[in-house]
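Below is one structure; the comments refer to it alone.
The values are calculated or read from the model by the stated rules, or taken from the named source; none is laboratory data. Bear in mind that the values here come from a model prediction, so they are computed numbers and not experimental data. Glycine also receives a Cβ, built like all others from the backbone with ideal geometry; neighbour counts cover every protein chain displayed. Surface areas here come from the heavy atoms of the whole protein model, side chains and all, with no ligands, DNA or RNA. Shrake-Rupley method; radii C 1.70, N 1.55, O 1.52, S 1.80 Å.
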Amino acid sequence: MKRKLLMAGLLLGMGAASAQMKNPDTLVTLTFGDWGTGFDPAYCYDSACGNVLENTLETLFGLQGTSASKIEPLLAAEIPTKANGGISADGKTYTVKLRKNARFSDGTPVTAQDVEYSLERMMVYSTDVGPAGLLLEPLLGSADLIRKGGKVGYDAIDKAVETRGNDTVVFKLAKPFGPFLNVLAFYGASVYSKNAAVKAGDWSGTARDWEKFNNAAEGSSAFAKTGMVGSGPFTIERYDVGKNVVLKRNDRYWRPVAKLNRVIIQSVADETTRIQMLRSGDADMANQNAISNPQLATVEKIPGVKVSKVPILSLVGMFLTHKIDGTGTNYLGSGKLDGKGIPSDFFSDKNVRKAFAYSFDYNTMVKDVLAGIGSQQNTVLVKGLTGYNAAAPKYKFDKALATKYFQAAWGGKVWENGFTLPVFFNSGNTTRQRALEILKRNIESINPKFKIEVRELQFSQILSQSAAHKMTVWLGGWGADFADTHSFAQPFLHSAGNYPQNMNYKNAQLDKLIDQAVAESNPAARTKIYTQIARLGFEEVPLIPIYQAMGTYVHNGWVKGRQLNPMYSSDYYYTISKSN
C-alpha cells in the first residue's frame, strides 16, 4: 500500500509540463510479459505474438477500420459471395481470387500457391499450443488436431485447399460454416512465402515429409525469432528475447508504405516504470490494457496523455485443470488430500468447482480491482454477440454455499483434511494478481486448513504449462478470434477447444450442442442453442468465467491515427504516425 501511495504522489508532483515528442519516425509502445511462443504462426495463439503477426504478415481479408465484424479484402481481390459466384449454393465451396499487386517483403509476388501452403502448413503442424483448430473445424469438420496415424491424415488436408492458376484459391469446407471468412481474417490464417519457408528447410508442401513437422516441439521452428517472410507493412528487424521486438518498415510494401520507420515494442514488467516512461516521453504509448484500470485515473492527469476505453469481445476466467500432470513441478505437493497438496484430479469433483465459484468476490473485483471498467460475466455469452443476456445466471461470493460445497467435496475429505494449492498469474499483470489474492483471502477464511499460494510465472510459461496440463489453477483472458459467439463457446467449452484441451475436460452434450449451433443458419434457433450451452456451462462450471473487460488505450497526444479496433491483438501500426 505504501508503494502505491508513493507512486501516485510522485506522479502528481511532477508538474504540469507536457513531455516532448522524441524520434518522430520511431514509435515506442509498452507491454509486459514476453513472446515465448515466438513468431511462427503455427505456434502463436496469444495477443503478444499476435500483435507482431498482425503487423508483419497479412491475411486474405482484413478488418474494416474500427469494426469488429466487418471485413474487407486484403490479399483477396474481393469478398466472395453467392451472388458473385465466390460461395457455392450449398455454402461448402469458397473461391477466392487474389489481388495482382501484392508482394512479400523480399519482392516476390503473393501467389495462390503461397496461400495454399500457408494454410495447409498450419493444419500439418497442428501444434498443441497453436490455433490450427480454427481452420480444421470448417475445412475438415472437427477442430481435433491432426496426428500422424490418426483418423484424418494428409490427404484430407491436401484436398481442403486447392489452387487454380496463380491467382485463385478454392476452399472445400466439410460443412457450412457461417464465420468462415472471419476465420480467414484472423492472424492464424496468415499468408507467407512458400519458397522462403521451403528454402529454410521447413515442410516441403507435400505428403513426403508432413509427419516430420506434425506437432513439432515448441521452439523448434526456424522462424520462432525471425518470423516468416510476409507481405505486411513491417518486418521483424530484431528480437531481444523477452525484452523488445523491433519492427522495421517494409519499404517494398504493395500499398503506400507505413509512415513510421520503426516500432519498438518494449516489455516493462513494473507498472510504475511504464507510467514514468509515458510521462517522460520515453514511450509514446502503451499496448491495449498495459496500464491497469486503477492507474488510469492517475495517468489521465499526466499532461498530454490520452486515455480511451472501448468495449471489447473478451472474457477473463479462472481455469481449473481436471487431470493435472504433476511431473516436473511441485504443484501437487503431497499429491493427496492430507492438507499438504491436492490429488491430480482434484477439480474433477464438481463440488470443488462450485465451491471455488462461490468463493470469489465478483463485486469487489469489478468495483475495486477493475475500478468499475468491466462487468461480471459468468457464462460464455459475452455482451455484443448473439445470445448475450444481461439477466443470465451469475455466481456471487456466498460463504455459506461455498462451505456447503467444500463439505460435500471428495466425500468430506476436503473439509476434514484441507489442501494446499498453488494458483498462477502472469508476471506484471497486477489485475490478475489481485484477483487471485481475493480468492485466497476468501477461501482461507472458510477453513483454516485451506491454503492458497498465489504465484507468478512468465506468460509463455503459463501457456506452455497449461497446454501440457501441468497448471493447477490460472487466470487467463480470451479475446475473440472473430466476432461470433462460436469464438467463445468452442474454445471455452468444446472438448476440441483451447481451454478444455488444456484442462482435460470433455462433456459430450456440450460438444453436440456447440457443433449444432455453429452449423445453424436460423438466428433465433441459434440463439436458443447458445442459451442452452451457456446454462449447461454455468451448471457444470468446468471453468469460472469472471468478467468481461473493456479495452483501455493510453498514448501521448502526438500519436495520430491509432485505430481502436477491439479485434486487434493490440495495435495495427500501419495507420499510426507521430506529429505535434
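Below, the figures for the structure above:
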read-out	value
Rh by Kirkwood over Cα pairs, then Stokes-Einstein D for the chain at 1.002 mPa s and 20 °C, µm²/s	87 µm²/s
Surface accessible to a 1.4 Å probe, per residue, for the residues of the chain, Å²	38 Å²
Three-way shape call for region 53-197 based on the alpha-carbon gyration tensor, with the a/c threshold at 1.5	rounded
Within region 247-321: Cβ-based charge dipole about Cα centre, in debye rounded to nearest 20 (Lys, Arg +1; Asp, Glu -1)	440 debye
Heavy-atom accessible surface of the chain: percent carbon and sulfur, 1.4 Å	50 percent
Kirkwood hydrodynamic radius of region 188-273, from inverse mean 1/r over distinct Cα pairs, in Å	15.3 Å
C-alpha center-to-center spacing [region 439-495, region 201-273] in angstrom	27 Å
Antiparallel %, DSSP beta bridges [both residues in the chain], to 5	75 percent
About the Cα centre, charge dipole magnitude for region 413-517 (Lys/Arg +1, Asp/Glu -1 at Cβ), debye	420 debye
Over the chain: helical MRE at 222 nm, DSSP H runs n ≥ 4 each giving -39500 (n - 2.57), nearest 500	-8500 deg cm²/dmol
Span-like helix ranges in the chain, DSSP H, alpha carbon extent 18 angstrom or more, Kyte mean at least -0.5	112-125, 523-540
Filtered trypsin sites (Lys or Arg not before Pro), region 102-169: DSSP coil and at most 15 other beta carbons within 10 Å	147, 148, 151
Dipole magnitude of the chain about its Cα centre (Cβ charges: Lys, Arg +1; Asp, Glu -1), debye to nearest 20	1060 debye
Alpha-carbon centroids, region 370-433 and region 44-63: separation in whole Å	31 Å
Accessible-area ranking of 415, 254, largest first, probe 1.4 Å	415, 254
Global geometry of region 413-561, whether rounded, prolate or oblate, following the gyration tensor of its Cα atoms and the 1.5 cut on a/c	oblate
Listed residues 459, 319 arranged by accessible area, highest first, probe 1.4 Å	459, 319
DSSP beta bridge pairing in region 314-550, given as percent antiparallel to the nearest 5	60 percent
